[in-house]
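The values are calculated or read from the model by the stated rules, or taken from the named source; none is laboratory data. Here the structure is a predicted model, which is why all the values come from computation and not from measurement. Cβ: placed from backbone, ideal geometry, glycine included. Neighbour counts: every protein chain shown. Just the protein is used for accessible areas: all its heavy atoms, side chains included, with ligands, DNA and RNA removed. Shrake-Rupley method; radii C 1.70, N 1.55, O 1.52, S 1.80 Å.
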Amino acid sequence: MPGHKYLFRRATPDDADAIRDLVHAAYAKWVDLIRREPLPMRADYRQAVTAHQIDLLYDDDELVALIEMIPAVDHLLIENVAVRPSAQGTGYGRLLMRHADLVAQTMGLPGVQLYTNALFTENIRFYRRLGYRVDRQEPFHDGALVHMTKTL
C-alpha cells in the first residue's frame, strides 16, 4: 500500500450502480454459507446514498471499497463495509473502519456500532481485533445477527 494515493469521496445517486456492483462482488462469497443473498446485496443504493452516508474509497483512481454509515443520537452505525474481492486482505478494511472512527469523532459520537451474520466468523474476529466487543446476538432468518460496539 505504500506509494498509493487514497481518496475518500461521499457517494451520490450517480454512484448507485458502481456501489451495487462492488457490494455484489464483495458479498458473493457468503451466499453459499448462508444459503441466501446477504441483505447488502438486496439494498436499493439509489435510495441509500441519500438516506445514509456512503463513503467510497479510491486507490489510484480505482474504486476499491466503501463504507455505509448511519448517524444515531449516541453512536455511528456501520451498515455496510465492502471491499473489492481482489483487494480483500490488503488493509482497506482497516482503513474503512478507521475512517468510521474519525467520522464518529467528528460528529461528537462516543462510539461505533455494527452488526454482522454470526456465520461470518472471520469478520467477527476482524472487528474484535479493532476493539469491538460483542453486545448481543439475535435470531435472524435461519441464523443470528451479532451486534458489536466500539467505544471511542
Number of positions in the stretch 96-143 that are under 27 Å from Arg35 (Cβ atoms) and either in contact with a His (Cβ under 7 Å, 6 or more places away or on another chain) or open to solvent by 50 Å² or more (accessible area, probe 1.4 Å) (or both): 16
Go through (1) under 19 Å from Lys5 (Cα atoms); (2) modelled with pLDDT of 95 or more and name the single condition Glu79 misses. (1)
Expected output for the stretch 99-113 (first residue within 12 Å of Thr151 (Cα to Cα), partner in a helix (DSSP H, G or I) and of a type outside the set (Lys, Arg), Cβ below 6 Å, 6+ apart or cross-chain) is Val112/Ala100; Val112/Ala104
